[in-house]
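Step one of this worksheet: look at the structure below.
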Amino acid sequence: EDQVTQSPEALRLQEGESSSLNCSYTVSGLRGLFWYRQDPGKGPEFLFTLYSAGEEKEKERLKATLTKKESFLHITAPKPEDSATYLCAVWESFNKFYFGSGTKLNVKP
Amino acid sequence: NAGVTQTPKFRILKIGQSMTLQCTQDMNHNYMYWYRQDPGMGLKLIYYSVGAGITDKGEVPNGYNVSRSTTEDFPLRLELAAPSQTSVYFCASSYQGSYEQYFGPGTRLTVT
């Protein structure tokens, strides 16, 4: 069973068209949820950590929120440079750190 | 700071060969990790370390070994390479008690 599921797999937006990416998880004891950005051929780049339901974090055009079973990454007025794959990861215990397969975002000018 | 560096960037191995993937970080992080990323799949944790001399298995450790003799270095050893080990390997590090991981650029390994 997948512990982390991200949707959609791919998302194409026009520049300025806001949208949200979803990350749902099934781990029983969430100790933290992480969002990363990954550009082609590179390692993931840390964006946010969320620890408890109701928590929100913002950075430029990105805002991450957390509920008891899912997290959303909201992208407001995206630009082409926001095109990347966005990865969600959950931390259940020290050796249980699960990544989703990502949402590939393409923002067209 | 260079952050997390990995060598080599690319490597092709024949079945049964062995190799070591190198990982070095200059951020004085206690925690270090090795992941593999297969196409269309999430990253899978292979091994992790909480400090020099301390390592433990992650989700997919079979076919791999690690050592941690210094804070800076965390090499991953592949013995008897198999086609199933074809993947992109990422090393990461974080501060003690934090799981905000900083990743290296990856090593793309092909086993044929």
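Of the two radii for region A:4-91, the radius of gyration is 0.95 times the Kirkwood radius, both from the alpha carbons; that is the Rg over Rh value. Calculated accessible area for region B:44-89 comes out at 45 Å² per residue, all protein chains present (probe 1.4 Å; ligands, DNA, RNA ignored). Legend: mean number of C-beta atoms from other chains within 10 angstrom of residue C-beta atoms, peptide A:99-106, equals 3. Other residues within the sphere of radius under 11 Å centred on the Cβ of B:G58, judged by their own Cβ, net out at +2 (K and R +1, D and E -1). With a Förster radius of 22 Å applied to the C-beta separation of A:T5 and B:I15, the computed FRET efficiency comes to 0.05. Histogrammed with a bin width of 5 Å, the alpha carbon distances of chain B distribute as 2, 13, 25, 27, 19, 10, 4, 1 percent, first bin at zero. Computed from backbone phi with θ = phi - 60° and the Karplus coefficients 6.51, -1.76 and 1.60, the 3J(HN,Hα) list for region A:69-77 is 10, 7, 10, 10, 10, 8, 10, 9, 6 Hz; x is used for glycine and proline.
Comparing B:Q96, B:Q22, B:Q85 in a Gaussian network model of chain B where C-alpha atoms under 10 Å apart are linked, the largest mean-square fluctuation is found at B:Q96. Of the chymotrypsin sites (Phe, Trp or Tyr not before Pro) found in region B:13-112, the ones in coil according to DSSP and having at most 15 other Cβ atoms within 10 Å of their Cβ are B:Y95.
Among B:K14, B:K57, B:K44, the largest mean-square fluctuation in a Gaussian network model of chain B, built with springs joining Cα atoms closer than 10 Å, belongs to B:K14. Note that region A:88-102 has calculated 3J(HN,Hα) couplings of 10, 9, 10, 10, 9, 8, 4, 9, 10, 10, 10, 9, x, 7, x Hz, one per residue in order, obtained from phi through the Karplus relation 6.51 cos²θ - 1.76 cosθ + 1.60 (θ = phi - 60°); glycine and proline are x. Using a Gaussian network for chain A with springs between C-alpha atoms less than 10 Å apart, which of these wobbles most: A:A84, A:A64, A:A53? Ranking A:A84, A:A64, A:A53 by mean-square fluctuation puts A:A53 first. In this structure, the pairs whose alpha-carbon distance is over 21 Å, taken from A:K63/A:K104; A:K42/A:K63; A:K42/B:K14; B:K9/B:K44; A:K104/B:K44; A:K42/B:K9, are A:K42/A:K63; A:K42/B:K14.
Once the Kirkwood radius over Cα pairs is known for region B:18-84, the Stokes-Einstein relation at 37 °C and 0.692 mPa s delivers a diffusion coefficient of 265 µm²/s. For region A:12-53, backbone nitrogen atoms closer than 20 Å to the point 7 Å from A:K96 Cα along Cα-to-C-beta are found at A:23-35, A:50-53. Modelled spin-label separation between B:T70 and A:S18, with each label point placed 7 Å from Cα along the Cα-to-Cβ direction: 4.9 nm. Close amide-amide hydrogen proximity is noted between A:S101 and A:Q6, B:G42, each under 5 Å apart and 5 or more residues distant or on a separate chain (H modeled in the peptide plane; Pro and chain starts excluded).
Modelled spin-label separation between B:I54 and B:S98, with each label point placed 7 Å from Cα along the Cα-to-Cβ direction: 1.8 nm. Here, P(r) means the percent of Cα pairs in each 5 Å bin from 0 to the largest distance; for the protein assembly as shown it is 1, 7, 15, 18, 18, 16, 12, 7, 3, 1, 0. Close amide H partners of B:Q17, meaning residues 5 or more places away or on another chain with modelled amide H under 5 Å apart, are B:A81. A Cβ-based charge dipole, computed about the Cα centre of the protein assembly as shown with Lys and Arg at +1 and Asp and Glu at -1, lands at about 400 debye.
The values are calculated or read from the model by the stated rules, or taken from the named source; none is laboratory data. Since we're looking at a predicted model, the values are computed, not measured. Every residue, glycine among them, receives a Cβ derived from its backbone with ideal geometry; neighbour counts consider all protein chains shown. Protein only, heavy atoms only, side chains kept; ligands, DNA and RNA dropped before computing areas. Shrake-Rupley method; radii C 1.70, N 1.55, O 1.52, S 1.80 Å.
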